[in-house]
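A short write-up of the structure that comes next.
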Amino acid sequence: MKKTILIILTASGLLFGCKSMLVKSYGIKDPEFENKTTITEYLTKKHMDTTDVLVFKNFNAFALAVKKGMKIPNAMFFNSAGNFVNYQKTPEDCNAKVSGFITDIKAINSLQEDISFNVFKMSDFLVKPNGSNPVIEKGYDAYVLINWALYAGKMNEEKAFVWVSLLKQNERDFKVKYYLLNCDLQDMWGLTEQQKKEIGFIKS
């Protein structure tokens, strides 16, 4: 584990979509270690369903996601076969494109898919906040993972939670299963004080 992970987190620019402007006005704060209770309390306060919430199962899975360019907030889309479909047409596209993709989500099964990244294999690196493995139900027209974090402040309400509302508008004639992927650091990873120092969370 390397100190660069926390540097990446607090830099925000690599995680928060297009640009990290107006960080203070959005209530974005330094990340903390969270757990099932803090996550559930936050979502309940925001009137969000806490049934289908996922977290990274360990620090290594989280670090890999950061290395691959994880952004917060963001959304990952999967077709009826569970294969990944990228809403980004170019690497420069940011989460401003998510709402438009959701509006046209009924076309997802006709778009190019990435068979190497499948939602039904999520239990390899994601778990429920209580540590149990998620069961991804088959039979939906599309699946969506929505990235969010407690430290993202109002970005959750203005992006991630708005996307949930948009997805629900398709429920009558297009079955979409969404999961709220919490991207905070987790108490359940059981990192020691020394390990926290190594990632830069605790000052030496």
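No value in this document is a laboratory result; all are computed from the given coordinates. Here the structure is a predicted model, which is why all the values come from computation and not from measurement. Every residue, glycine as well, gets a Cβ built from its backbone with ideal geometry; the counts of neighbours run over all protein chains shown.
Place the peptides 38-44, 181-187, 165-171 in order of packing, highest mean first, counting for every residue the other Cβ atoms within 10 Å and averaging per peptide. All intermediate terms of the calculation are to be shown ahead of the outcome.
Values: 38-44: 16.1, 181-187: 22.9, 165-171: 13.1.
Per-residue Cβ counts within 10 Å, averaged per peptide and sorted highest first, yield 181-187, 38-44, 165-171.
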Assuming R0 = 22 Å, can you tell me the calculated FRET efficiency for the pair residue 154 and residue 187, based on Cβ-Cβ distance, to the nearest 0.05? 0.35
Residues of the stretch 183-202 with the amide nitrogen closer than 18 Å to a label point 7 Å from the Cα of residue 132, along Cα-to-Cβ, please. 188
Counted charge near residue 136, where neighbours are those whose Cβ lies closer than 13 Å (Asp, Glu -1; Lys, Arg +1): +1
Using the basic label-point model (7 angstrom from Cα toward the beta carbon), what is the residue 121 to residue 81 distance in nanometres? 1.4
Using the Karplus curve 6.51 cos²θ - 1.76 cosθ + 1.60 with θ = phi - 60°, what ³J(HN,Hα) values do you get for each residue of the stretch 144-153, in whole Hz, with x for Gly and Pro? 9, 9, 10, 6, 7, 7, 4, 6, 7, x
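What is the antiparallel percent of DSSP beta bridges lying wholly in the stretch 32-199, to the nearest 5?
Looking only at bridges with both residues in the stretch 32-199, the antiparallel portion is about 50 percent.
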